[in-house]
Structure formats: C-alpha cells, structure tokens
Amino acid sequence: MKIAILGGTGDLGKGLALRLAKNNEVLIGSREKEKAERLASEYREEGKKFGLDLKLTGFTNQEAIDNSERIIISVPYVVLPQFLLTLKNYEGKLFISPVVPMVKTKAGFSYEPFRLGDKEVSAAELIKSTLGGARVASAFHTVPAMKLSDLSFKLDYDVLVAADELETFEEVSQIVSSIEGLKPFYAGKLYTSKYLESLTPLLLNVAINNKLHTPSIKIV
Ligand SMILES: NC(=O)c1ccc[n+]([C@@H]2O[C@H](COP(=O)([O-])OP(=O)(O)OC[C@H]3O[C@@H](n4cnc5c(N)ncnc54)[C@H](OP(=O)(O)O)[C@@H]3O)[C@@H](O)[C@H]2O)c1
C-alpha cells in the first residue's frame, strides 16, 4: 500500500514511517520538501542497520496527499485547525488521525477537545468537518513514538480505531496490521474518537503517578 504521513518528519511520523515502510511505500510529508527528502534518507539508513530496505520518499505535505489515497495526519494539535485549511485535493481520500488535543497543567495532563461553534469536537471530527468529502478515521493515539522508532523493540500493542464506515475501519485495519506487533480493534463510529483521544492524557497521568515510561494499551 502507498501511505502518506503529513508531518512525517516529527516524532510519531518517524516511528510510523520506520514501521510502515517495511511492508508499504511511505511518502514523508513536510512543509519543506528538502527536509522531508533528508529525513526519508535518514530513515532509510536507520532501516539498513536492521537489514531492512525501507520504501520511503520525501515530499511537501500537499504532494504527499496528491500522490496517495491513504494519509496519516501527524502534526501537533495546536496547529491542526489552520493546517487543515491549507490542504487541497482531499475528496474521497482516507485521512487517519492520531492527533491528541491535550494540555499539561499542574495537576497533570488533561484532554482539551476542539470547538466548532458551541460544540466540543474531537480532532478526528474536526478533520471530517473541515475536509468535506474526505473519509476520516482515528487511530494510533496510544502507540508511543519512542517505541515505534526503536526498531530493536518488539511491539505488542492494541490499536483502537474509530470510523463511521466499516469499510473505512477495514482499510485502516490493514494499515495497522501491516506493522508487526500492532492489532486493530473497532471502537465504533467517529464520535467515539473523543474517548480514544482522551486515553493518551489518561495513560500519561497513570505513567506519572506510577513512575512508568511510555505506557500503551492491550485489551485482555
Ligand atoms: N509523539 C507521540 O508519542 C504521539 C503518540 C500518539 C499520538 N501523537 C499525536 O501525533 C501528532 C504528532 O505528534 P509528534 O510528537 O510527532 O509532533 P511533533 O514532532 O511536534 O510535530 C510533527 C510535525 O508537525 C509539523 N508541524 C509543526 N508545526 C507545524 C505547522 N504550524 N504547520 C504544519 N505542520 C507543522 C512538523 O513538520 P515539518 O516541520 O517538517 O513541516 C513536525 O515535524 C500529535 O497530534 C500528537 O498528539 C503523538
């Protein structure tokens, strides 16, 4: 499969790129094409250390969208509303959101949904509402970038996925399952994304209060 990662130069983007490019063709997107090309080359070199011939190339974010039907949006939540407004040619394409809107306070981490008028919405719902005609799913929120980026680490996590259509979930499932050690579960329609997104601040609070590092989830 061909999969684009917008903001593929960041922490989560790197981890997903390194893992996905083993069995897929990954297009790294960035605001700067040269940065994307440089990092794609660095990721390929990282793969070689583990005997992997990773299929990775660098593009601008828009070029990455133009050249793929499946797109992961991996940018910080604070920039998401403005970033979405810059995108074109998204109709009919699948957008996957790992975006977690959360803030750190003295008390710990807290989920901070977006607002559309007087309604609170999750990051995935904001994407669906802004990119009219795109298909949107929510996934990967609880997978730590540090563990994805460490190719010596054997992953064993579950990934909860929200999507309005079952076919969209199945398509995302294929992407999740193409990473060894990740197992997809259907959480429900896109409105459930707020529960998935709020798992990350919950896990981070558990980590702080119990001195854990990079916790994730597994359904038992
Ligand atoms: N880190 C994790 O472990 C983790 C886990 C689960 C979910 N997430 C979610 O995944 C998303 C990415 O997290 P991250 O830690 O990878 O973020 P990050 O490293 O801080 O940023 C990712 C990329 O976003 C791009 N970016 C920054 N400002 C931008 C702007 N104003 N407009 C457009 N692009 C911009 C940058 O790419 P260029 O400079 O190349 O354009 C950057 O490399 C977040 O929404 C986060 O909540 C993260």
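The values are calculated or read from the model by the stated rules, or taken from the named source; none is laboratory data. Bear in mind the structure is a predicted one, so any value in this text is a computation, not a measurement. Cβ coordinates were reconstructed from backbone atoms using ideal geometry, including for glycine residues, and neighbour counts include every protein chain displayed.
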From 169, 114, which residue is modelled with pLDDT of 95 or more and within 15 Å of the chain's Cα centre (by Cα)? 169
Being in contact (Cβ under 8 Å) with a residue 40 or more places away in the chain and among the charged types (D, E, K, R): is that true of residue 150 here? no
Within segment 30-51, of all residues that are surrounded by fewer than 23 Cβ atoms within 10 Å (Cβ to Cβ) and of a type in the set (Gly, Ala, Ser), the one farthest from the ligand (Cβ to nearest atom) is 51
Would you check if there is a residue in segment 73-96 being closer than 22 Å to residue 172 by Cβ, in contact with a Ser or Thr (Cβ under 8 Å, 6 or more places away or on another chain), touching a residue at least 60 places away in the same chain (Cβ under 8 Å) and within 13 Å of the ligand (Cβ to nearest atom)? yes
Has segment 145-158 got any residue that is within 13 Å of the ligand (Cβ to nearest atom) and among the aromatic types (Phe, Trp, Tyr)? yes
Among the residues of segment 6-16, is there at least one that is surrounded by fewer than 24 Cβ atoms within 10 Å (Cβ to Cβ), of a type outside the set (Val, Ile, Thr) and more than 11 Å from the ligand (Cβ to nearest atom)? no
Looking at residue 105 and the list (1) surrounded by fewer than 19 Cβ atoms within 10 Å (Cβ to Cβ); (2) modelled with pLDDT of 95 or more, which single condition is not satisfied? (2)
If you check 27, 54, which single one turns out to be more than 16 Å from the ligand (Cβ to nearest atom), hydrophobic (A, V, I, L, M, F, W, C) and surrounded by 16 or more Cβ atoms within 10 Å (Cβ to Cβ)? 54
Only one of 32, 25, 37, 46 is within 18 Å of the chain's Cα centre (by Cα) and acidic (Asp, Glu); which? 25
